[in-house]
Amino acid sequence: MKKLATLVLAVCFFGCRENESPSLKEQISEKMTGYEKKGFSGTLLVVHRGEVLIREGYGFANKLEGIRNTPNTIFDFGSLTKQFTGAAIVKAEAMGLLTVEQRLIDFFPQVPDDKANITLHQLLTHSSGFKSALGDDYDLVTKDEFLDLAFQSTLVFTPGTAYEYSNVGYSLLGVILEKVSGQSYESFLKTYLFTPSGMEDTGYSVLQADSFKDRIAVGYRKGEPDGKPTEKPWLADGPGWHLKANGGILTTADDMYSWVNDLTGKKVLDDKALAKYLTPYVQEGEESSYYCYGWVADENGLGRVFWHDGGNDIFSAIVSFFPDTETVIIMASNDSTLDMFDVADELMELVVQR
């Protein structure tokens, strides 16, 4: 009878297991295993309802040296840089260094009349009228050269009347931050954002130190090596100003998770500053989403979502967080063989359904 009871229990247990649907963690793991076989190379961190489900690396940070990607691999997170610039401006405002209502004429007496009244708020929300870009990311453009180009450029619309995603606007914010603080852009972020958040693996030139060398991912353009971000043409203090403050920040999935946690925990920005930072201000054209100060705000099956992505046809990254359900998705890739954003969209659908 004892053996029969044991057999019945075993049959019931395994039968029930066969009929159970796979857990979200199992579904994501299966998907990522398949994507890695198809060429995905990068890292993924998924937290759902406060529980870390996935924290894994896939593929290689350096194929030649056989170094695999991990959650601590350093990637170029592209335009996610804008959320740090936005936070830095809000922090500077809280410190009394500036206000977002101030205009370009308040900082640059040489600014032409058509741009004089553009506000920091308009730069932050891509409603300034500046073009998307004025040159290549790796042009060795100095601060003064960049200002000349920006001020001589033609606006695409009257400031404050429309939305046009603009890297130029965010680089201008970086210049203003340096002007009012007396620090370099990277130094200000390190002092007031990165260090308080425990982000020791985030920045530009600080990651050129030998201690980071083996952790920075090589970029691959559809499988062909394109080098590390730190091997690209840079000025003495980091990228030129076509990239600085709008893109190219180097960081890890773990550091980005610390950043999101410290934002929602109000360790970096207080209630007032955080509310200003994450307010949906300007609708993104015909989309349902709105631009905040370096984040995009929208809603889906998990409620409110704040997200941003970035990429340069080699590296790509996305961070999404859902404050109502304690859900965070962080993904970065160093190889354009597989479109990371397609992978991220499919994973997002899985998470939202749960």
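Brief remarks follow.
- For the chain, a simple Cβ point-charge model (Lys and Arg +1, Asp and Glu -1, everything else neutral) yields a dipole of about 1000 debye relative to the Cα centre.
- Within straight-line cross-link reach of Lys222, lysines at Cα separation under 22 Å, skipping those fewer than 8 residues along the same chain: Lys31, Lys37, Lys38, Lys63, Lys232
- Karplus 3J(HN,Hα) series, Hz, for region 319-334 with 6.51 cos²θ - 1.76 cosθ + 1.60 (x for Gly, Pro): 10, 10, 9, 10, x, 6, 10, 6, 10, 9, 10, 10, 9, 9, 9, 10
- Calculated from the alpha-carbon coordinates, region 125-184 shows an Rg and a Dmax of 11.9, 33 Å respectively.
- Of the trypsin sites (Lys or Arg not before Pro) found in region 25-54, the ones in coil according to DSSP and having at most 13 other Cβ atoms within 10 Å of their Cβ are Lys38, Arg49.
- By the beta-carbon count within 10 Å of each Cβ, the least crowded to most crowded order of Ile249, Ile176, fewest first, is Ile176, Ile249.
- As an equivalent ellipsoid, region 161-294 spans semi-axes of 26, 20, 17 angstrom, where each value is the square root of five times an eigenvalue of the C-alpha gyration tensor, largest first.
- Each principal axis of the Cα cloud of region 235-276 was evaluated for its coordinate range; sorted largest first, these ranges are 36, 24, 14 Å.
- Computing Rg/Rh (Cα atoms, Kirkwood Rh) for the structure here picks out one of (i) 0.94; (ii) 1.25; (iii) 1.04, namely (iii).
- Residue (of His48, Ala162, Phe341) at the positive-pole extreme of the chain, dipole from beta-carbon charges: His48
- Built amide H within the under 5 Å cut-off of Gly240, gap 5+: Val141, Leu235
- Dipole in debye (nearest 20) - region 211-276, about Cα centre, beta carbon charges: Lys, Arg +1; Asp, Glu -1: 140
Throughout, read-outs are computed from the coordinates displayed, never taken from laboratory work. From a predicted model like this one, the values you see are computed outputs, not experimental measurements. No Cβ is skipped: glycine too gets one built from the backbone with ideal geometry, and neighbour counts run over all protein chains shown.
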